[in-house]
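Take a look at the structure below.
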Amino acid sequence: MEPLTKAQFDQHYTIEHLRELSVFGALNQDFVEHLLDQCEIYRTEPGDLLFQDGQSPNGFYILIDGDSTLYCGPQLKNQIVNVLRPGECVGFISMLSMNPVIGDVTPTVGSVVLHIRNPLFASLPEIDGEQSFILLMNLTRNICRAYIKHAIQE
């Protein structure tokens, strides 16, 4: 994974573009800017691992561009749980439940992701309580959509 600066990120992705993604919907510009200023931004390639099966996450990732695949167990078993699209997140459930991730997560194509670490996420209510609640609602909706999508596939 290649770290990107906020300036590099800003050359390709506007706040308006981000607010079209489900996880950023209804968030104000100042709050999104704060997230971007404080998070880690990466460009990924196929074969990179966002999470490895059994890893305890210290945060979660939000996909901005590209796709990533969540496997059940190691990628080599090829048991796909979900293909994540821009605006979706991975690792959030494991972070909240304090459980290891259920499988490898790897980009299927080149992707851009934001890594929101635990301390940043925990600090958000102090920055703006209302906006952090909206973000939490968006993340929860994201989880619900993934659950329904998975249930329909079975």
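Read-outs throughout are calculated quantities, based only on the coordinates presented, and are distinct from any laboratory measurement. Fair warning: this is a prediction, and the values are worked out from it, not measured in the lab. Because the Cβ atoms are built from the backbone with ideal geometry, glycine has one as well, and the counts that use them run over all protein chains shown.
Observations on the model:
- Cβ-based charge dipole, the chain, positive-most Cα from 83, 46, 21: 83
- Within the chain, helix-based [θ] at 222 nm, where runs of 4 or more DSSP H residues each add -39,500 (n - 2.57), nearest 500: -12000 deg cm²/dmol
- Most mobile of 89, 39, 144 in a GNM of the chain (Cα contacts under 10 Å): 144
- Two-site FRET efficiency, residue 1 against residue 151, from Cβ-Cβ distance with R₀ of 30 Å, rounded to 0.05: 0.45
- GNM result for the chain, Cα springs below 10 Å: residue of 133, 51, 60 fluctuating most strongly: 133
- Largest GNM mean-square fluctuation among 119, 100, 57, using the chain with Cα springs under 10 Å: 119.
- Dipole size of segment 12-154 about its Cα centre, with +1 on Lys/Arg Cβ and -1 on Asp/Glu Cβ: approximately 480 debye, rounded to the nearest 20.
- At full extension, residue 126 and residue 97 could sit 8.3 nm farther apart than now, given 0.36 nm per residue minus the alpha carbon distance.
- In a simple Cβ point-charge model (Lys, Arg +1; Asp, Glu -1; nothing else charged), segment 1-61 has a dipole of about 60 debye relative to its Cα centre.
- In order along segment 94-101, the phi-based Karplus estimate (6.51 cos²θ - 1.76 cosθ + 1.60, θ = phi - 60°) of 3J(HN,Hα) comes to 5, 4, 5, 7, 6, 10, x, 5 Hz; Gly and Pro are listed as x.
- Built amide H within the under 5 Å cut-off of residue 88, gap 5+: 63
- Net charge, residue 84 excluded, C-beta distance under 13 Å - Lys, Arg +1, Asp, Glu -1: -1
- Taken one residue at a time, the phi angles of segment 70-78 give Karplus couplings (6.51, -1.76, 1.60, θ = phi - 60°) of 9, 9, 8, x, x, 4, 4, 6, 6 Hz. Gly and Pro are set to x.
- Ordering of 23-30, 74-81 by burial proxy (mean other Cβ atoms within 10 Å per residue, highest first): 23-30, 74-81
- Over the chain, relative contact order from alpha-carbon pairs under 8 Å, at least 6 apart, %: 29 percent
- For residue 16 and residue 118, a Förster radius of 22 Å and the Cβ-Cβ distance give a FRET efficiency of 0.15, rounded to the nearest 0.05.
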